[in-house]
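Chemist: Below you will find the structure I want to go over with you.
The values are calculated or read from the model by the stated rules, or taken from the named source; none is laboratory data. The shown structure was predicted, so the numbers you read here are calculated from the model rather than taken from an experiment. FYI the Cβ positions are ideal-geometry reconstructions off the backbone, even for glycines, and counts take in every protein chain you see. To get the accessible areas, we keep the full protein, side chains included, count just its heavy atoms, and leave off ligands, DNA and RNA. Shrake-Rupley method; radii C 1.70, N 1.55, O 1.52, S 1.80 Å.
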Amino acid sequence: GKFFTVRTISHWNDLPMEVVDSPTMDTFKIQPDRVLGHLLGPWGRCMGDECGPGGIQTRAVWCAHVEGWTTLPTNCKQPERPDNQQSCFRVCDWHKELYDWQIGSWNQCRPVLSRSHEKPLECVRGEEGIQTRDITCIQKSNGVPAEDVICEYFEPKPRQEQGCLIPCRQDCIVAEFAPWSECSKTCGNGLQHRTRHVVAPPQFGGSACPNLTEFQICQSSPCTAEESLYSLNVGPWSACSVPHSRQIRQTRKKGKNKDKEKDREKAVRDPEAHELIKKKRNRNRQNRQENKYWDIQIGYQTRQVTCTHRNGKTAALSFCKQDKLPITFQSCVITKECQVSEWSEWTPCSKTCFDMTTPKGNRTRSRTIKQLPIGSESECPQLEETEQCVSQGDGVAPCITYGWRTTEWTECRVDPLLSQQDKRRGNQTALCGGGIQTREMYCVQPFEVIVSYRTSRPVDRRLCTGPLPSTSQLCHIPCPTECETSAWSAWGPCTYESCDDPQAKKGFKLRKRRITNEPTGGTGNCPHLLEAIPCEEPSCYNWRIMGLEECIPDNEKPCGPGTQVPVVICVNSDGEEVDRQLCRDAIYPVPVVCEAPCPKDCVLSVWSAWSSCSHTCSGKTTEGKQMRARSILAYAGEGGIQCPNSSALQEARSCNEHSCTVYHWQTGPWGQCIEDTSVSAFNSSASWNGEATCSVGMQTRKVICVRVNVGQVGPKKCPESLRPETVRPCLLPCRKDCIVTPFSDWTLCPSSCQEGATVKKQSRHRVIIQLPANGGRECPDSLFEEKECEASPVCYSYRWKTHKWRRCQLVPWYVRQDSPGAHETCGPGLQARAITCRRQDGGQADISECLKYAGPLPSLTQMCQIPCQDDCQFTNWSKFSSCNGDCGGVRTRKRTLVGKSKKRDKCKNSQLYPLIENQFCPCDKYSAQPVGNWSDCILPEGKMEVLLGMKVQGDVKECGQGYRYQAMACYDQNNRLVETSRCNSHGYIEEACIIPCPSDCKLSEWSNWSRCSKSCGSGVKVRSKWLREKPYNGGRPCPKLDHVNQVYEVVPCHSDCSQYIWVTEPWSVCKVTNVDLKENCGEGVQTRKVRCMLNTADGPSDTVEDYLCDPEEMPLGARKCTLPCPEDCVMSEWGSWSRCSLPCNGSSVRERSAESLRQPNDGKSCPTSTETEICTLNKNCYHYDYNVTDWSTCQLSEKAVCGNGIKTRMLDCVRSDGKSVDLKYCEELGLEKTWQMNTSCVVECPVNCQLSDWSPWSECSQTCGLTGKMIRRRTINQPFQGDGRPCPPQMEQFKPCPVKPCYRWQYGQWSACRVECGEGTRVRNISCVVFDGSIEDVGKAVDEEFCGEIEPIIDGNKKIILEETCTVPCPGDCYLREWSEWSLCQLTCVNGEDLGFGGIQVRSRAVIIQELENQHLCPEQALETRPCNDGQCYEYKWMASPWKGSSRTVWCQRSDGLNVTGTVQVSTHQNSLPVIHVVMLYSSQKPVFFCYTVCEDGYTEVMSSDGTLEQCTLIPVVVIPTMEDKKGDVKTSRAVNPTQPSSNQSGRGRTWFLQPFGPDGRLKTWVYGVAAGAFVLLIFIVSMIYLAW
């Protein structure tokens, strides 16, 4: 079972219901006399199959004991069991569009009851309050309230209350008084007044506004004539009344004129007359039918004319002396309000699909006019209503969404990027590095709808609303890596072309080189790697002599002639040691004859190594030679073999005896890959250089034999076996066909009618999304098609058709029968006419069409005049005759008398009734003058010539010579604006101007790389550029230059330590210093030549400067020596030191040895043949380790200026003493190399800003006037990147429009009110004026024909009012003035901070009194406010003028300079301090946050009970009289009237004031001192008196 915890009910009979504590329960219903009751759970979720009110929700109902446990439901009374199920409203997602929260406006802010009822003495910011609002869930369609649960399903209920602020009260503020008016009377006693207006209304309980008017009696000279006490008062017109019906009028005429009716009946019996009457009736009936919207009814209205005394009482008309009384009746139009039909049904939603993300659709409903307003001020209500809508329901399909697609990127192009940096690179081929590629974007349907990528049909771009994909990007073309080879090896021996197949005696001497850097990209060809020289007697294997053994004397003698056996190895043609058996056919080297010196023989050193061959080949003029030498180690003694002469100490031999004719195979570039059909096709997923491949092809190239410096020779001259291949397989990339989208749908033809007869066209297009490649199918020629639309209906134009005016309708006779001349049917009246709507072809149209398209309604009624018998009648004035261009001529217009007026003498009086009017023709003189500012400098369209001598870098469309324009205005002799053609001007002044072209910083080309700073190991090499031209006009700036305007590039380099070597010649004979002529032996000095030479594969070749060799390694050029005496032991030169074993810790030794070349005589011994040396670190023993240099700067290809590059670093072998040595020392130790020597890098491409073309000029911003301008714009196609040239700031240009005169209808001034006093009328006319388009120009009148095509709209109002009622106060009346202008918009602020209550404006009406005794009849002054925007905070402060004598002016001024108090003169007494006697003239209380009134120093404020300043009282002061004072006393001063200046009389002399109070109101220190002194003095006097007693 399910258990719940309930609260225990201690007194059961007291509680009929208990709420449970458990959150799963709702209520616990129990009767007072039972212990069991029903426990209710909460209502569950509304469930149901359909959305809406058909849902069901349930809840659990248990039978529970009062103690909390549940029992069987049958234990509780079932009839009392509450329902466990109820109907509910099931909310679905689509209800979101049907229901919404209706949020009411916030109620008035009400104060919050605080705990403390004490209010602060001064309000600083305001009082906290709270405001509420009503929030209801409603149906959107009809506004019917619904359950809150429905709206809460989608959105939480908005808050219903919020805190607010009740600002401090703000008193009314008024401006200063205007000057006094003139006296109301020219003689006798009158009144004059002055008024002021309200600047800010009272708010938040502030003080009300004071009187806005002040009066005073004025007196003029005494009146000589009797003053008129009566005036004719014209009352207002009554409402327009309907005349009596025809039946009533006919009843009055019954029995009269019966004979006339009989005659009329006889006339109707005439058939022709009857037919005419019938047609007329039908026409009138049709007109009445078409005129059903107006139903004009002419009535009448009356007014009263009374004679009024100045005291306001009415008197008889006879008291008012008038020649002619005003009319008291007139015709009028019965007012009828606009009547419209009920709203039609809503049209279907324009959006027929469902989607919450895209904008909603619209639906409309309309109503028609049943009765247009006649004589009413109110317009017809809106006839069409539109609201947003969303189609929903099960049958509504989701909306199709659209997305952007892009074509493939075009190939990367480097030239646009390089051409903007260096013009000389623009025409280069095989460019590489950073470039730009573009693509096109188009809009398609979503991916879910598209069947295939290739079938995506482009649609209108406006359907795609997502972010635009980029259409350009930077790209990189890999730069080709050139092939790098090693140096040539030495020429090898003469060998067979192929040792596997020796042929005859033909052989070649070869030299080779290897590829050190494989080529990438480009042609991929390396130079030839092998050169051959034909030779004779080739052999594949030869013996190489490695050395000679010890010289062994013949016949086993101890000395004398002997032989040396050579030590040989077998080598192949590449110099590699091979098996000795392979040299079996080679000639074995024979032993060498030698001489083992006897004790007294001359001793020579061993031969040195052969020098490098002097030439690499031998020819007619060149022969290769190499030398070797030996030196004398000891001279011979007596009887010994003497030393040879010096020529025998050197030996020469021929070398490189082969011819200099060198041949090699030369290869051409590989041809195009041609498909090989014999090989099966590859899978398309195979790749070759990152590109998909589809088949195997073959490539061929041309291979020829070339003789160096000669040209092509026969192929037999080159070794055939080493011929490069001429054919190789290749992989063919897949063919790429051109892929285009299907054509888009045809653009829509106009569905509605079109103005004019122009034929519209519709078009469709398709987009290339993949360009063809590798022989694929080409793209179609046509990507755009268009065709003419079917002729659309021409729009009808509509016009109002006016029918004839009906007869002039007078006021009914029974109304005017008591007026003079009532017996005659004549006078003023009203006449109406019918108006119908017509198409231009004359066909009838609905009135709604004319209301939309035909302009304003023509007038339906007009004033008319039925002439009386004595009136003169004329035709209308004709038009003025033409002037014919005569300056000073006259033009005329005429009219004629009609009817009986021709016979009346008074009508023939041309003075009273002229029949001709003349007018002088204007003398037109025109003058042109420039107006407005100059336009921007505008370059001419299309190709332009660059200014001579100006260097243009970048686009010529952005700089060069252009023109700027200034508009010309044409004025006539009356300074009226006219068409510019009158001044023979095309409307502009043109002036040449120059837009300077930006010039980038220009540097020289890179210099050559310097030599590596180190001859051994890693160093740096440098190259530089120097400044050729500084940038100007916004060009790209220079990189950072040094003090000599150069920029450097430094990269690491590596020099081969064996590139330059020291080469020594043999030591010279030891020159003995102490010569023993007998023995020629002893100590001496010997020298040798030491040269720095370039080391090549063939050995040292050329002598170079010594600095190229390592100076620390330079061998000695001189040394001490000992020349052995005869019979002494002679030793050879010391051999090389052996290598020290590592590590160098001092425990190992190294040694060297020498051989005995001549044995000594008996009894003598040879010195030791070996020498040892302790291995000492960094002296003769070294450790070696690799060292890595820093990365170089990013190195680019020579054909690139930016993009991907390579950074390199060098590996160095460094000895333990820090010296760089040859890498072989580290390599011999087998040290591990874990460093990467190359890495990729990127040099940012400096992309210049790329702009679009200028757009076409826009329409003129003003249709007429002086200030119109046209604008054109451009956009950024490619923002600048890196150090590229930034975009120019000018992205739009303006050009003044040609000046055109502006015409408008304009009201004239109102006439004076046509009444003596009371209610009359005033009239005005409208005229056509020309103006310059500005608000300030009031315009000048011109002929009305200039405004012929302008709709009569004045100040935005189509209703033209030429007559209105006006009121002239009668003498003695008290009345309100006209409304003042609206005040400035003022915010509610505290310390300059807006409190957020919005702005407010105010205007007021002051009361004017003409007679003092009529004050009781005066109306109240009026005040009107309205909210406004763009308000400001204002501050108020006291201002004072400089003192003038004993007074100055003090006023309260607003921060914008407005005086808000009036001014008060402040006077001073010469014996007293000045005091500011100022109160607010407009308020009885001290205003909040405005100007506060305080007294100056020396005066204290006397406050009233309500906290306002009552007066300033002078603080008692001690006056110390001077010698000139006749009498000095202590005075006090009290201001009786604070608004009046002080009038205290002061004596002469000088007065000092001792003020006991400080500025803070406290007693000064000296006062306490004086009081203490006075107290001591008093004690002293009392003591003296006491002692005296």
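Chemist: Modelling each spin label as a point 7 Å along the Cα-to-Cβ direction, I'd like the GLU227/SER1101 distance in nm, to one decimal.
Modeler: 13.7
Chemist: What's the Cα-based Rg to Rh of the range 554-622, Rh via Kirkwood?
Modeler: Rounded to two decimals, Rg/Rh equals 1.12.
Chemist: Working out 0.36 nm times the residue gap between ASP1217 and ILE552, then minus their Cα-Cα distance, what length gain in nm do you get to one decimal?
Modeler: That pair, ASP1217 and ILE552, stretches by 234.9 nm at full extension.
Chemist: Once you have the Kirkwood Rh of the range 620-676 from its Cα pairs, apply Stokes-Einstein at 10 °C and 1.306 mPa s and quote D in µm²/s.
Modeler: Estimated via Stokes-Einstein, D reaches 91 µm²/s.
Chemist: Oh, and also: Post the alpha-carbon centroid distance, the range 1093-1139 to the range 1412-1434, in whole angstrom.
Modeler: 122
Chemist: Hey, another quick one. Estimate the FRET efficiency between ARG1152 and CYS1241 by the formula 1/(1 + (r/R0)^6), using the beta-carbon distance for r and 45 Å for R0, to the nearest 0.05.
Modeler: 0.35
Chemist: Round to a whole angstrom and tell me the spacing of the C-alpha centers of the range 789-859 and the range 1028-1045.
Modeler: Each part's Cα centre sits 81 Å from the other's.
Chemist: Moving on to the next point. Using 1/(1 + (r/R0)^6) with R0 = 22 angstrom and r between the beta carbons of THR1168 and SER1138, what's the FRET efficiency to the nearest 0.05?
Modeler: 0.90
Chemist: So, one more: Once you put a point 7 Å from the Cα of SER498 and another 7 Å from the Cα of HIS986, both along the Cβ direction, what distance in nm separates them?
Modeler: 8.7
Chemist: Taking the Cα of VAL1044, stepping 7 Å toward and past its beta carbon, and measuring to each backbone N in the range 1003-1036: which are under 20 Å?
Modeler: Those under the cut-off are 1003-1014, 1020-1030.
Chemist: To one decimal place, what orientation-averaged projected area in nm² is obtained for the convex hull of the Cα set of the range 869-908?
Modeler: 3.6
Chemist: Could you tell me what percent of the accessible area of the range 1096-1219 is made up of carbon and sulfur, with a 1.4 Å probe and every protein chain present?
Modeler: C and S fraction of accessible area: 48 percent.
Chemist: Quick one: ranking ILE138, ILE1350 by accessible area, 1.4 Å probe, largest first, what do you get?
Modeler: ILE1350, ILE138
Chemist: Also, I was wondering about something else. Given H placed 1.01 Å from N in the peptide plane, which residues other than close sequence neighbours of GLY960 have an amide H under 5 Å from its amide H?
Modeler: ILE995, CYS997
Chemist: From the P(r) of the range 1031-1111, could you give the percentage of C-alpha pairs in the tail past 23 Å?
Modeler: The share of Cα pairs beyond 23 Å in the range 1031-1111 comes to 61 percent.
Chemist: While we're here: In the full protein assembly as shown, how much of SER1197 is accessible to a 1.4 Å probe, in Å² to the nearest 10?
Modeler: Accessible area, nearest 10 Å²: 30 Å².
Chemist: For the range 1169-1202 and the range 1345-1393, what is the centre-to-centre distance using only Cα atoms, to the nearest Å?
Modeler: If you average the Cα positions of each part, the centres end up 98 Å apart.
Chemist: Still on this structure, I have one more. Quick check: at a probe of 1.4 Å, how many percent of the accessible area of the range 566-637 sits on carbon and sulfur atoms?
Modeler: Carbon-and-sulfur percentage of accessible area, whole number: 55.
Chemist: Output the pairs from LYS96/LYS157; LYS1089/LYS1120; LYS351/LYS761 with a Cα-Cα distance over 23 Å in this structure; if there are none, say none.
Modeler: Listed pairs above 23 Å: LYS351/LYS761.
Chemist: Turning to a different aspect of this structure: In terms of solvent-accessible area of protein heavy atoms at a 1.4 angstrom probe, what is the ranking of TRP813, TRP237, TRP607, highest value first?
Modeler: TRP813, TRP607, TRP237
Chemist: Are there chymotrypsin sites (Phe, Trp or Tyr not before Pro) in the range 1005-1036 that DSSP marks as loop and that have at most 15 other Cβ atoms within 10 Å, and which are they?
Modeler: TRP1006, TRP1009
Chemist: Related question: Would you check the accessible area of GLU1363, probe 1.4 Å, heavy atoms only, in square angstrom rounded to 10?
Modeler: Here the accessible area works out near 110 Å².
Chemist: Still on this model: Tell me, what HN-Hα J-couplings in whole Hz come from the Karplus equation 6.51 cos²θ - 1.76 cosθ + 1.60 at θ = phi - 60° for each residue of the range 729-736, using x for Gly and Pro?
Modeler: With the stated coefficients, the range 729-736 comes to x, 8, 9, 8, x, 5, 5, 10 Hz.
Chemist: Any idea of the accessible area per residue across the range 970-1123, 1.4 Å probe, to the nearest Å²?
Modeler: Solvent-accessible surface per residue comes out at 60 Å².
Chemist: Give a residue-ordered list of calculated ³J(HN,Hα) values for the range 780-786 (Karplus: 6.51 cos²θ - 1.76 cosθ + 1.60, θ = phi - 60°; whole Hz; x for Gly, Pro).
Modeler: Those phi angles translate into x, 6, 9, 10, 9, 10, 8 Hz.
Chemist: Measure off, as a whole percent, the carbon and sulfur share of the 1.4 Å-probe accessible area of the range 68-198, all protein chains present.
Modeler: Taking all protein chains in place, the range 68-198 shows 48 percent carbon and sulfur surface.
Chemist: Moving on. So, taking all protein chains as they sit and a 1.4 Å probe, how much accessible area belongs to PHE154, in Å² rounded to tens?
Modeler: 60
Chemist: Full extension from VAL898 to ASN974: what is 0.36 nm times the residue separation minus their Cα-Cα distance, to one decimal in nm?
Modeler: This chain segment gains 23.4 nm when fully extended.
Chemist: Amide H neighbours of GLY1084 under 5 Å, counting only residues 5+ apart in sequence or on other chains, H built in-plane at 1.01 Å?
Modeler: Residues meeting the criterion, in which the H sits 1.01 Å from N, are THR1073, CYS1121, THR1122, LEU1123.
Chemist: Pick out, in residue order, every one of the trypsin sites (Lys or Arg not before Pro) in the range 1092-1174 that is DSSP loop and has at most 12 other C-beta atoms within 10 Å; say none if there are none.
Modeler: Passing sites in the range 1092-1174 are ARG1139, LYS1164.
Chemist: Show TRP488, TRP805 ordered by accessible area, largest first, where the area counts protein heavy atoms only and the probe is 1.4 Å.
Modeler: Final ranking, largest accessible area leading: TRP805, TRP488.
Chemist: Something else: Can you list residues from other chains, or at least 5 along the same chain, whose modelled amide H is less than 5 Å from the amide H of GLN473?
Modeler: Distant-sequence amide H within range of GLN473: GLN437.
Chemist: Related question: I'd like the trypsin sites (Lys or Arg not before Pro) in the range 597-680 restricted to DSSP loop residues with at most 16 other Cβ atoms within 10 Å, sorted by number.
Modeler: Here the sparse-neighbourhood loop sites are LYS620, ARG630.
Chemist: Another one. Taking the solvent-accessible surface of protein heavy atoms with a 1.4 Å probe, what is the per residue accessible area of the range 1141-1235 in Å²?
Modeler: With all protein chains present, the range 1141-1235 gives 60 Å² per residue.
Chemist: Would you mind computing, in nm to one decimal, how far apart the modelled labels at VAL35 and SER1583 are, each placed 7 Å from Cα along Cα→Cβ?
Modeler: Reported label-point gap for VAL35 and SER1583 is 10.3 nm.
Chemist: Less than 17 Å from a label point 7 Å out along the Cα-to-Cβ axis of GLU638: which backbone N atoms in the range 1110-1134 qualify, by residue?
Modeler: Residues 1125-1128 qualify, since their backbone N sits under 17 Å from the label point.
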